Amino acid sequence: MLCCPSETEYGSLNVNDMEKIKVIEYTGGVVCIDADFVRDHMVACYMMETGSEVAFIEVGSNTSAVKLMKVLQQRGWQPEDVRYVIVTHVHLDHAGGAGSLMKWLPNATLLVHPYGARHMIDPSKLEAGARVVYGDEDFDRMYGTLIPVEEQRTQIMDDGDFIDFGNRRLSFIDTPGHARHHFCVHDSLTNGWFSGDTFGLSYREFDTENGAYIIPTTTPIQFEPEAYKASIRRMMENQPEYVYLTHFGRVSNVQKLAGDLIHGLDVFVETADKYKDYDHRTERILGALRDWQMSGLRKHGVTLSDEACLEILEYDLVLNTQGIEFWLDHRDR
């Protein structure tokens, strides 16, 4: 099974009483919390329970922080029990709620990539840039105002660093490709990687008897396909059992999925080279990615309508197109 077959729904904290929080419990004290960002089963945050302490890995947006606190409470923990908050990188669907969450967790330390720490301590540039992309109205609706984290409560995790946390060791490696401020976290107890965006995205709506369907995910800046492939290969060196995706949930059979991701990155490069000199380059690349995805989904055995598939993937297809074009415009510099 890719996920536990049942989900637990908890009530809400300081939000509409009708809202439910979807939670998936995995073995090894790992709890997946649906951030309910944009839609169900798009963004996952993880709570790790071990001994007498708790850690959060990925925190979503400001509205997600409320959900994490409610799940913490419902599972019998106190805010003082949270020792670590970990963000794989500082994109706002992963780290936008870090400042809000840290205000409620008096004993927690934020673990962050060396290139991302300054944006958690002073998120003004991060917020300003995102407001340009989204516009003020959409930014406020999706993210709210970003809250700084006190510098003395942050800890930079360099490549090769680790922490011992209860009966497990969490090891950190630098994983550029999707972003240069990205690390992945290996959990020794479950032999699983918390991958952020480095191991792509795999939505549960596309699961079939063939398993999970996975594709790479880019950002409009910093996409580097060769570094991305190297990061994936490095993650596979310790023969992991699982990968905990932010988008979305735990997957297994990860060596096969790693191969699929590397093939997908090669498709991105081939598509870029094919259309680099065409008029209306953006539309041509986006159309090619749509066709590639629909072909792949059908071969995988997905029976959802084309419209339903593209509704799920369109946001990511646009981002991937932007990432490919960024790489085209910067690869020779």
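Throughout, read-outs are computed from the coordinates displayed, never taken from laboratory work. Predicted, not measured: the structure shown is a model, and the values here were computed from it. Here the Cβ positions follow ideal geometry from the backbone for every residue, glycine too, while neighbour counts run over all protein chains shown.
Quick notes
- Volume in Å³ per residue [convex hull over Cα atoms, computed for the stretch 24-166]: 108
- Rounded if a/c under 1.5, otherwise prolate or oblate - the stretch 175-333, Cα gyration tensor axes: oblate
- For the stretch 197-256, alpha-carbon Rg and Dmax in angstrom: 11.9, 35
- Under 13 Å, Cβ to Cβ, from residue 260 - net charge with Lys/Arg +1 and Asp/Glu -1: +2
- Net length available on complete extension from residue 273 to residue 331 is 19.7 nm, with 0.36 nm assigned per residue and the Cα-Cα distance removed.
- Shape category assigned to the stretch 261-333 from the gyration tensor of Cα positions, a/c cut at 1.5: prolate
- Calculated [222 nm] ellipticity per residue, helices only, for the chain: -12000 deg cm²/dmol; basis is -39500 (n - 2.57) per DSSP H run with n ≥ 4, divided by all residues, nearest 500.
- Rounded to the nearest 5, the antiparallel percentage of DSSP beta bridges internal to the chain is 70%.
- Percent of alpha-carbon pairs separated by more than 13 Å within the stretch 105-153: 60
- Over the chain: Kirkwood hydrodynamic radius from C-alpha pairwise inverse distances, Å: 20.2
- Checked against a 22 Å cut-off, the cross-linked pairs 20/125; 20/70; 22/256; 22/229 give Cα-Cα distances beyond that limit for 20/125; 22/256; 22/229.
- Order by protection proxy (mean Cβ within 10 Å, highest first), peptides 25-32, 245-252: 245-252, 25-32
- Take each peptide in 166-178, 113-125, count the other Cβ atoms within 10 Å of every residue, and average; sorted highest first, the result is 166-178, 113-125.
- Alpha-carbon centroid distance for the pair the stretch 18-53 / the stretch 302-333, whole angstrom: 26
- When peptides 210-216, 197-203 are sorted by average Cβ neighbour count within 10 Å, with the highest value leading, the order is 197-203, 210-216.
- Distance between the stretch 133-147 and the stretch 270-294 - C-alpha centres, whole angstrom: 30
- Dipole size of the chain about its Cα centre, with +1 on Lys/Arg Cβ and -1 on Asp/Glu Cβ: approximately 440 debye, rounded to the nearest 20.
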